[in-house]
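Rule-based calculations on the coordinates, nothing more; no lab input. Keep in mind that this is a model prediction, so the values were computed, not measured. Every residue, glycine among them, receives a Cβ derived from its backbone with ideal geometry; neighbour counts consider all protein chains shown.
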Amino acid sequence: MNQVKKDKITKRTEDYSKWYLDVIHEAGLLDDSPVKGCLVMRPYGYAIWEKIQKILDLKFKETGVENAYFPLLIPKSFFEKEAKHVAGFAKECAVVTHHRLELNNDGTLIPAGQLEEPLIIRPTSETIMYSVFSRWIQSYRDLPLLINQWANIVRWEMRTRPFLRTTEFLWQEGHTVHASKQEAEDKTLQMINVYRDFAEQYLAIPVIPGVKTESEKFAGADYTTTIEAMMQDGKALQAGTSHMLGQNFAKAFDVKFLDQQGQQEYGWQTSWGLSTRVIGAIIMTHSDDNGLILPPNIAPIQIVIVPVWTNEEEKASVFALATKVAGELRDNEVSVKIDEREGRPGPKFFEWEKKGIPIRIEIGPRDVASGNLVVVRRDNSVKEFVAIDNCLAFSKRLLTEIQDNLFNRALEYRKAHTYNVNSWDEFKAKLEQEDCFLMSHWCGSAECEEKIKEETKATSRCIPFDQKQEIGKCVYCGNKSEKRIIFAKAY
């Protein structure tokens, strides 16, 4: 393996955007494709998504949700049934208008076989799923209907950014139908709390749960709940959403049921989703100038063992110990990889550092002789010598410490870059100094919200659930306000 210089990754302070792209490239997470905005997820990048899927899928099923799969192509007429929904997604839709290609005399291909009705490549699946739900649901006995699908999505983005905003991406979307408004509201809250627990316990990302403003809610929903995270550059990232859809889609798609009194009622619905953009959130919350840092609870490889040897005799003894240590760790549900490649150890160390493996164990002939191992943690580069007999207990304890440290480090950063502001001058001045979260009073006017966005590029992120009533004045117009909301620049 060739030596890679450490200045390969741009420093965050020099160019944060370039640093982000460098981390992705050097960690081997993504690769380019021939289609703009559509990226190839390399095995290591996809392994992170597989880990996310595995954990969330279990959490969903614990709430009674079942998995299904629905078509990629959606008739255009389905979108037209819910006016607000089609307006929200119209500019992002990719449309299929023909069903075959024909060969010209000059060897070029031209579209042929025009469809009677254009088909939209799903930007989200409410319309196609609810047309089916209307057949599945007849009686209150069929409720609640709790469905999730893992799928790919296409939204035609003009400005793309890996993981965060791409033309095609992977996600899960949950869709439920309930007999009452209260049940649907309870489900909406339950699922945003599932996302919150997942983000904090597994991704080590502290998030703020809350409600989106009317202007920022999901198109067609009664209201939207969200979890908002702060990245290392002070910008916000929406990490997951859960929507209370009310009866809007049920009325559009005839999702009805007979209640216990034999009366026909429309269902109450929710939808909720989380996508591969959370991988971008992991990168921007935890990584450093040396590359990716992964929280142990989401890392596909939690520990890498790098044997070090100079001759075949040393190699045999070193690999025997590495295999023994790895086996003991795997038997105790720790994900381990032994780097069996030939070559100098230095470049290997740097490669695994860039990939963000939480713990690196170095085993050389001296370690075999002394009975100690060299253990290096990725989050702070601290190196320790650990007795072989204590390796399992030490490693498991260290994985927990690293997970907690990453969460607490991110939480402290957010606290240090969150400010209460009470005037428009203070609001603008603070954003000119740094990107940050601003807790500001707001009158509830969409006009003020839009003016704030136009003049500062800061958007309303959410009205936090735990906000107490507090009488104040709107930061923009000065009218009465009863609580603060979060404004920030966002991805």
Next on the checklist: Taking θ = phi - 60°, what integer Hz values does the Karplus form 6.51 cos²θ - 1.76 cosθ + 1.60 yield along region 126-136, in sequence order, with x for Gly and Pro?
Outcome noted: 3, 5, 5, 6, 6, 5, 6, 4, 4, 8, 6
Checklist entry - What is the distance, in nm, between label points placed 7 Å from the Cα along the Cα-to-Cβ direction at Glu454 and at Asp186? => result 4.5 nm
Checklist entry - How high is the FRET efficiency between Lys18 and Lys251 when r is their beta carbon distance and R₀ equals 45 Å, given to the nearest 0.05? => result 0.40
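What is region 1-136 by shape, rounded, prolate or oblate, if you read a ≥ b ≥ c off the alpha carbon gyration tensor as root eigenvalues and call it rounded for a/c under 1.5, prolate for a/b larger than b/c, and oblate otherwise? Could you put the intermediate results ahead of the total?
Working: a/c = 2.31, a/b = 1.36, b/c = 1.69.
The shape class here is oblate.
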Checklist entry - At 222 nm, what helix-only mean residue ellipticity would the chain give, in deg cm²/dmol to the nearest 500, using -39500 (n - 2.57) for each DSSP H run of four or more? => result -11000 deg cm²/dmol
Checklist entry - Under a plain spin-label model, where a point goes 7 Å from the Cα along Cα-to-Cβ, how far apart in nm are Asn479 and Asn193? => result 3.4 nm
Next on the checklist: List residues of region 9-31, by number, whose backbone nitrogen lies under 12 Å from a label position 7 Å along Cα→C-beta of Ile55.
Outcome noted: none
Checklist entry - Assuming R0 = 51 Å, what is the FRET efficiency of Trp136 and Phe394, from their Cβ-Cβ distance, to the nearest 0.05? => result 0.45
Checklist outcome for this item: Between the residues Gly246, Asn479, Leu119, the Cα farthest towards the positive end of the dipole of the chain, that dipole coming from +1 and -1 charges on the beta-carbon of Lys, Arg, Asp and Glu, is from Asn479
Checklist entry - Tilt of helix 345-354 relative to the longest C-alpha principal axis of the chain, in degrees (0 to 90, nearest 10)? => result 20 degrees
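Under the 0.36 nm per residue contour assumption, what length would be gained going from the current alpha-carbon distance of Glu384 and Glu426 to full extension? Could you put the intermediate results ahead of the total?
Numbers: separation 42, 0.36 × 42 = 15.12 nm, distance 4.72 nm.
Result: 10.4 nm gained on full extension.
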Checklist entry - What would the Debye formula give as log10 I(q)/I(0) at q = 0.09, 0.10, 0.11, 0.13 Å⁻¹ for the alpha-carbon point model of the chain, no solvent? => result -0.74, -0.88, -1.02, -1.26
Checklist entry - Of the peptides 442-451, 103-112, how do they stack up when ordered by the mean number of other Cβ atoms within 10 Å, highest first? => result 442-451, 103-112
Checklist entry - In region 388-459, with Lys and Arg counted as +1 and Asp and Glu as -1 at Cβ, which of these residues, Ala393, Ser440, Ala416, has the Cα nearest the positive end of the dipole, that is, farthest along it? => result Ala393
Next on the checklist: I want to check the label-to-label distance for Lys468 and Lys337. Put each point 7 Å from Cα in the C-beta direction and report it in nm to one decimal.
Outcome noted: 4.9 nm
Item to check | Most to least packed among 288-295, 223-230, 431-438 [average Cβ atoms within 10 Å] | outcome: 223-230, 288-295, 431-438
Checklist entry - Mind checking the dipole of region 16-286: about its Cα centre, +1 per Lys or Arg Cβ, -1 per Asp or Glu Cβ, Debye to the nearest 20? => result 200 debye
Checklist entry - Could you state the number of Å between the C-alpha centres of region 193-221 and region 438-458? => result 20 Å
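Rank by packing, highest mean first: peptides 134-140, 259-265, with packing defined as the count of other Cβ atoms within 10 Å averaged across residues. Provide the component values of the computation, followed by the final result.
On the way: 134-140: 14.6, 259-265: 9.7.
Most protected by this proxy first, the peptides run 134-140, 259-265.
As an exercise, find the ratio Rg/Rh for region 381-442 from alpha-carbon atoms, using the Kirkwood inverse-distance average for Rh. Before the final figure, lay out the partial values.
Working: Rg = 20.2 Å, Rh = 15.0 Å.
Across region 381-442, the Cα-based Rg/Rh ratio is 1.35.
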Item to check | Degrees separating the helix 277-286 axis from the principal Cα axis of the chain, which is the longest one | outcome: 50 degrees
Checklist entry - For Lys8 and Gln261, what does the FRET efficiency come to when R0 = 56 Å and r is the distance between their Cβ atoms, rounded to the nearest 0.05? => result 0.20
Item to check | Farthest positive-ward along region 16-286 dipole, Cα basis, beta-carbon charges - from Ile227, Phe70, Tyr266 | outcome: Ile227
Next on the checklist: On C-alpha positions alone, give me the angle between the axis of helix 43-62 and the longest principal axis of the chain, in degrees, nearest 10.
Outcome noted: 60 degrees
